[in-house]
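Reviewing the structure listed below.
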Amino acid sequence: MKKMYRILIVGAGEAGAALLADLRQKGLGSAVASFIDDDPAKIGREIGGLHVAGPVSEIKSVCNALSISDVIIAVPSAGTEFLTKLITGISSTGGRINIHYVPAAEKFFDSVPIFPSMREFSYSDLLDRDEFSIDLDIMEKFFSGRSVLVTGAGGSIGSEICRQLLKFNVKKIIATGRGENSIYNLTRSMDEYLGLMNEKGPELVYRIIDVRDARLMERLFSEEMPDIVFHAAAHKHVPLMEFNGIEALQNNVLGTDNLLNLASKFNVKKFVLVSTDKAVRPANVMGATKRMCELLTGFYSRERGLSTAIVRFGNVLGSRGSVIPLFIEQIARGGPVTVTHPEVARYFMSIPEASLLVINSAAISGGGEIFVLNMGEQFRIADIARRLIELNGYRPDTDIRIEFTGLRPGEKLYEELFYDESSMVSTGNNSIFMMNRDDEFLDGTEYSRLINGIRDTVPYMSDADVRGFIRSFVKSFSS
């Protein structure tokens, strides 16, 4: 049976009106029942021919009276207090109402469709995050007319980089990944977005390629001639990589070397390595291999004249393997909610925010920098668990128990974004900082020892020897 939609749009401002236009273009206009908005001047009026039923405080009665099935929050600048009040009101209806929202990143763009950027609302969006900013004019100038290659394009960050690049008048997007399902899903979301754009979008190229396959990658570079490369492909799961160190080295390090070598050979204008806070004083194999990727990127910048940028940031909300969806599942089952340690804390950032700031970093890079995104404060995971339990109408440790399971292999209590705060300088954008020095680097001899060792020697090493090999390049690695 075809689903019957009854949609309520929260926010009757510019974003709400633009969303209504997008929904009508998509054939869902008749399903939109009403707006709600806290602006007294809008209540009772019609916006785009649609009635503004009342303020947010009345959302429970409005949802029940209009038999709402879906609520879309079209307030990109909405704060935590507003969202908490809204979600509490929707939850109190007692029905099953799907909640979607327009990400805060959309407030920067007034000439692109809103509907394809809409996301399913997650309780993680109730975490307090400072406002972020981007250098839109610089980004538009840098990317306009360029061909951009994205590796790991089926992943959380890679796919969002592809979607956000559609807003910058790029000539071509070459999306690569080795998982056919994730790349297929990307094709659908990109096609949906382009279908709502009034102007013709860029050429889109999708390729299923492993970054370790130098021959296929070289063929791709020679055929597509990218101007800019975003290298987001990597193994990122910390506990799994603790027991798969050889694979982590081959995929993360050799794959990165392949990309850097080809970027240098084909005169790429900018190579951007998507890195992680776990590369700083790494306590796990995954983080250490990402630090090795940073060292490789620095080597190609210094020794081979490749214009590079490294961008470090912490956890992204809603990514595959994120702790928030796990907590929601555990709460739905009645608990317990499992947290590794009472004091474990992490940085968090939304996927659109992280992706836009990575793109921004590329645009302001002069070559050779390590950029560090402003992640704000770290959140204690136990506090997030308690907040989610409460937002679902339960009492922590009374209705639903929080169980501490112990730190997993390679896991830190907290993360770091840089070694020394004094090494950080401003870029002029408070959301992006830059390191003014990196005391670790590879010379030509060490580069050869690293790459030849991973190719020829590491596959025959014990786990202990693999860790010793990593430590010989990343002195701060502790495992």
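The values are calculated or read from the model by the stated rules, or taken from the named source; none is laboratory data. Fair warning: this is a prediction, and the values are worked out from it, not measured in the lab. A quick note on method: Cβ atoms are made from the backbone with ideal geometry, for glycine too, and the neighbour counts reach across all protein chains shown.
Of the listed requirements (1) in the same structural domain as Ala385 (by TED's automatic domain parsing); (2) at pLDDT below 95; (3) in a helix (DSSP H, G or I), Ile183 misses just one: (2).
Pairing each residue of the range 441-469 that is part of a helix (DSSP H, G or I) with any residue that is among the hydroxyl-bearing types (Ser, Thr, Tyr), provided the two are 6+ apart or on different chains, yields C-beta distances under 8 Å for Arg467/Ser479; Phe469/Thr457. For the range 51-63, state whether one or more residues are modelled with pLDDT of 85 or more, in the same structural domain as Tyr101 (by TED's automatic domain parsing) and under 28 Å from Leu194 (Cβ atoms). Scanning the range 51-63, I find no residue that is modelled with pLDDT of 85 or more, in the same structural domain as Tyr101 (by TED's automatic domain parsing) and under 28 Å from Leu194 (Cβ atoms), so the answer is no. Please determine whether any residue of the range 74-85 is touching a Leu at 6+ places or on another chain (Cβ under 7 Å), closer than 18 Å to Ile7 by Cα and modelled with pLDDT of 80 or more. Yes, the range 74-85 contains at least one residue that is touching a Leu at 6+ places or on another chain (Cβ under 7 Å), closer than 18 Å to Ile7 by Cα and modelled with pLDDT of 80 or more. Can you pull out every residue in the range 353-395 that is in a loop (DSSP other than H, G, I, E, B) and either modelled with pLDDT of 90 or more or not aromatic (Phe, Trp, Tyr) (or both)? Of everything in the range 353-395, those that are in a loop (DSSP other than H, G, I, E, B) and either modelled with pLDDT of 90 or more or not aromatic (Phe, Trp, Tyr) (or both) turn out to be Ser365, Gly366, Gly367, Gly368, Asn374, Met375, Gly376, Glu377, Gln378, Asn392, Gly393, Arg395.
Looking at the range 192-210, can you tell me whether even one residue there is modelled with pLDDT of 95 or more, under 23 Å from Leu295 (Cβ atoms) and buried (at least 23 other Cβ atoms within 10 Å of the Cβ)? No, that holds for no residue. Being under 24 Å from the mean Cα position of the chain (by Cα) and polar (S, T, N, Q) holds for only one residue in Ser307, Ser264, and it is Ser307. Here is a check on your reading of the model: is Val253 at pLDDT 95 or above, hydrophobic (A, V, I, L, M, F, W, C) and out of contact with any strand residue (DSSP E or B) (no Cβ under 6 Å at 6 or more places or on another chain)? Yes; evaluated as a whole, the condition is true for this residue. Check whether at least one residue in the range 181-192 is touching a residue at least 40 places away in the same chain (Cβ under 8 Å) and either in contact with a Leu (Cβ under 8 Å, 6 or more places away or on another chain) or farther than 28 Å from Tyr460 by Cα (or both), and report yes or no. Yes: one or more hits.
For the range 219-230, does any single residue satisfy the condition of being within 24 Å of the chain's Cα centre (by Cα), under 14 Å from Arg178 (Cβ atoms) and not basic (Lys, Arg)? No. Condition test on Asn169, is it more than 16 Å from the chain's Cα centre (by Cα) and at positive phi? So Asn169 fits the description; yes.
Tell me, yes or no, whether the range 223-245 has at least one residue that is touching a helix residue (DSSP H, G or I) at 6+ places or on another chain (Cβ under 9 Å), among the polar types (S, T, N, Q), in a helix (DSSP H, G or I) and closer than 30 Å to Asp463 by Cβ. Checked against the condition, which is being touching a helix residue (DSSP H, G or I) at 6+ places or on another chain (Cβ under 9 Å), among the polar types (S, T, N, Q), in a helix (DSSP H, G or I) and closer than 30 Å to Asp463 by Cβ, the range 223-245 yields no hits at all.
Where strands (runs of 3 or more DSSP E) sit wholly within the range 299-352, those with at least 3 residues that are buried (at least 21 other Cβ atoms within 10 Å of the Cβ) and modelled with pLDDT of 90 or more occupy 308-312.
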